[in-house]
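Heads up: the structure comes next, in structure tokens.
Where a number appears in this text, it was derived from the coordinates with a stated rule and is not lab data. Nothing here was measured: the structure is a model prediction, and the numbers come from that model. Note: ideal-geometry Cβ built from the backbone for every residue, glycine included; neighbour counts use all protein chains shown.
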Amino acid sequence: MRDAVIVDVVRSPVGRRRGALSGVHPVDLLGYVLAELVKRNHLDPERVDDVIVGCVDQNGEQSVNVARNAWLAAGLPESVPATTVDRQCGSSLQAVHFAAQGVLAGAYDIVIAAGVESMTRVPMGSNLANGPGTPMTAKLQARYPQVQGWFSQAVGAELIAKRWGFTREDLDRFSYESHMRASRARESGRLAREILPVPVDRDGVPAWVEHDEGIRPDTTLEKMAALEPAFPGLELITAGNSSQISDGASACLIMERHVAERLGLRPRARFAGFAVVGVDPVTMLTGPIPVTRKVLERAGLELGDIDLFEVNEAFAPVVLAWQKEYGVPFDRLNVNGGAIALGHPLGATGTRLVDTLVNELEVRQARYGLIAICEGGGMANGTIIERVSE
């Protein structure tokens, strides 16, 4: 029986908008991460069956199959194919699903799942703004008449906060704790386990980017409370309790277990379950709640079997609503902070979450971890991985 395992997973630091990674073309950023993943595992790149990459805004520098362009720009073999997928914020987690499922089905022996987004260079929503036309047809508008122009994640987040009864203070307190957790994880060296330093050029001087730029260890609840709502007509959602606009790339090396062992590579985790769901696209971001239930059922596990949870911090109320539904203790949820502190380079976040979870399961010698990520259009991916004991 075939088994899909994670041999390695790595990510760039997450750069702030117009920050340290903004001078790096997304093709080259992803290409560097892919090449280093292959190199550090002493893998013959000719043996890779496919490269599957998540990316949301596939236009401009990220257009025309950024996966293939990055592989070739890194000097890797022309014989290896690559494709780019878009499931909005869960794009690279979907890439992981496709990769692992291909291994389980026998279509692949070795595959790389990855993600990239340079939100500085290719702004969020630019694929919608650059036309021609709009995806909002008369039939879609008739089905959702309350939507003006296009579905808004910020509106969805506000609706969730009010439905589940969260105050502005609740949202800000959760967001503050995300920064504190991320700061502690950085100071302890936990985040360094995940990160591949990236070379950059700073005014003609070579330098290295080694740390996530979005973490604010000096923030306070008072500073967060002083922020104005970030979107017209909203009351609760601010820049402080939303995920950050960011630049980054991440990649995961997935193999059939026996192939990895024959190559002398140690499996770090195996896949125990996959699920994907659709929900109301107006509130949009409630998907982590049903996808958690579905992936647990598919894996034959109970909530209590899971040691660590990563629920993507697109907005604070997304995670708070999930936690209120399931009652998971906060000391098992997003333990090293999340996208509110670390940043959310859209296409790269799914594999970033896999990276975080694999490493933290190893640090704690824990067994199971669950990822749930909300997505534009009202969807969510859920994944359960099991640490492979040495």
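Structure notes:
- Translational diffusion of the stretch 135-235 was estimated from the Stokes-Einstein equation, with Rh taken as the Kirkwood radius over Cα pairs; at 37 °C and 0.692 mPa s the coefficient is 188 µm²/s.
- Residue-span extension gain [Asp49 to Met124] - 0.36 nm each, minus C-alpha spacing: 23.9 nm
- The calculated FRET efficiency for the pair His42 and Leu303, based on their C-beta separation and a Förster distance of 25 Å, comes to about 0.05.
- Listed residue (Gly165, Phe309, Pro77) projecting farthest to the positive dipole end of the chain, Cβ model: Gly165
- Per-residue Cβ neighbour counts within 10 Å put Tyr176, Tyr144, Tyr368 in the sequence Tyr144, Tyr368, Tyr176, beginning with the fewest.
- Subtracting the Cα-Cα distance of Ser188 and Arg270 from their residue separation scaled by 0.36 nm leaves 26.9 nm.
- Paramagnetic reach from Val363 in the stretch 301-318 [backbone N under 18 Å; point 7 Å along Cα→Cβ]: 307-313
- Crossing angle, helix 91-105 versus the chain [Cα axis fit, 0-90 degrees, rounded to tens]: 40 degrees
- Taking each residue as 0.36 nm, the span from Val282 to Glu61 lengthens on full extension beyond its C-alpha to C-alpha distance by 76.6 nm.
- Between the alpha-carbon centres of the stretch 311-341 and the stretch 40-104 there is a gap of 28 Å.
- Computed from Cα atoms, the angle from the helix 316-326 axis to the main principal axis of the chain rounds to 80 degrees.
- If you bin all the Cα-Cα distances of the stretch 272-384 at 5 Å, starting from zero, the percentages per bin are 2, 13, 25, 27, 22, 9, 2, 0.
- Residue of Ala82, Ala251, Ala207 that the Gaussian network model of the chain assigns the largest fluctuation, springs spanning Cα pairs under 10 Å: Ala207
- Pair-distance distribution P(r) for the stretch 1-102, from all Cα-Cα distances in 5 Å bins starting at 0: 2, 11, 20, 27, 23, 11, 4, 1, 0, 0 percent.
- Dividing the alpha-carbon radius of gyration of the chain by the rule-of-thumb value 2.2 N^0.38 Å gives 0.93.
- Nitroxide proxy distance, nm - points 7 Å out along Cα→Cβ at Arg2 and Ser389: 2.8 nm
- Footprinting exposure proxy ranking of Ser178, Ser92, Ser242, fewest other C-beta atoms within 10 angstrom first, gives Ser242, Ser178, Ser92.
- For the stretch 272-384, averaging the sequence separation of C-alpha pairs within contact (under 8 Å, six or more residues apart) and dividing by the residue count gives a relative contact order of 49 percent.
- Cα long-axis angle, helix 26-40 against the chain (0 to 90 degrees, to the nearest 10): 40 degrees
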